[in-house]
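Heads up, the thing below is written out as structure tokens.
The values are calculated or read from the model by the stated rules, or taken from the named source; none is laboratory data. Note that this is a predicted model, so its numbers are computed, not measured. Here the Cβ positions follow ideal geometry from the backbone for every residue, glycine too, while neighbour counts run over all protein chains shown. What goes into the accessible areas is simple: the full protein's heavy atoms, side chains included, and nothing from ligands, DNA or RNA. Shrake-Rupley method; radii C 1.70, N 1.55, O 1.52, S 1.80 Å.
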Amino acid sequence: MRLVEMLTQADANDGGPLPEGVVTVLQGDGELGKWLVQSEQVAHISFTGSVNVGIRIWEAAAETLKPITLELGGNDAAIVLADTDLEQIIKPLFWGAFTNAG
């Protein structure tokens, strides 16, 4: 949620904000997820989470050949030592995690 907030509120120095509607985040339970995967209004599913849920999404999306992107069970761990300058490392560390995802 913080990433979406940052993308939609970025100033001109950061490349400007994304236009409204480019990124949408919905939070909910399995019923919302099932509706999204089956909805004709959704053209692509991108999911990050557990392997078990990823399998269910894959099976549901296969019925309509809806394209999906799954990032299952992983994380981008980082070791930050006590003497690290957090102001200097936090932005590259954050973006590195997303750049290397998937």
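Brief remarks on what is shown
- Vicinal HN-Hα couplings computed from phi for the range 67-73 (Karplus, 6.51 cos²θ - 1.76 cosθ + 1.60; Hz; Gly/Pro x): x, 9, 10, 10, 10, 10, x
- Whole-percent carbon and sulfur share, accessible surface of the chain, 1.4 Å: 56 percent
- Both numbers refer to the Cα atoms of the range 41-94; Rg and Dmax are 17.2, 52 Å.
- Under-5 Å amide H pairs with Ile45, H placed in peptide plane, nonlocal only: Ile68, Thr69
- Relative contact order of the chain: 18 percent, from C-alpha pairs under 8 Å at least 6 residues apart in sequence.
- Ligands, DNA and RNA are left out, and with a 1.4 angstrom probe the accessible area of the chain is 82 Å² per residue.
- Between Glu31 and Val4, the simple spin-label model (points 7 angstrom out along Cα→Cβ) gives 2.0 nm.
- In order along the range 42-50, the Karplus-derived 3J(HN,Hα) couplings, from 6.51 cos²θ - 1.76 cosθ + 1.60 at θ = phi - 60°, round to 9, 8, 8, 10, 10, 9, 10, x, 6 Hz, and Gly and Pro are given as x.
- log₁₀ of I(q)/I(0) at q = 0.17, 0.23 Å⁻¹ - the chain, Debye sum with one point per alpha carbon: -0.98, -1.28
- 222 nm mean residue ellipticity, helices alone, for the chain (DSSP H n ≥ 4; -39,500 (n - 2.57); rounded to 500): -12500 deg cm²/dmol
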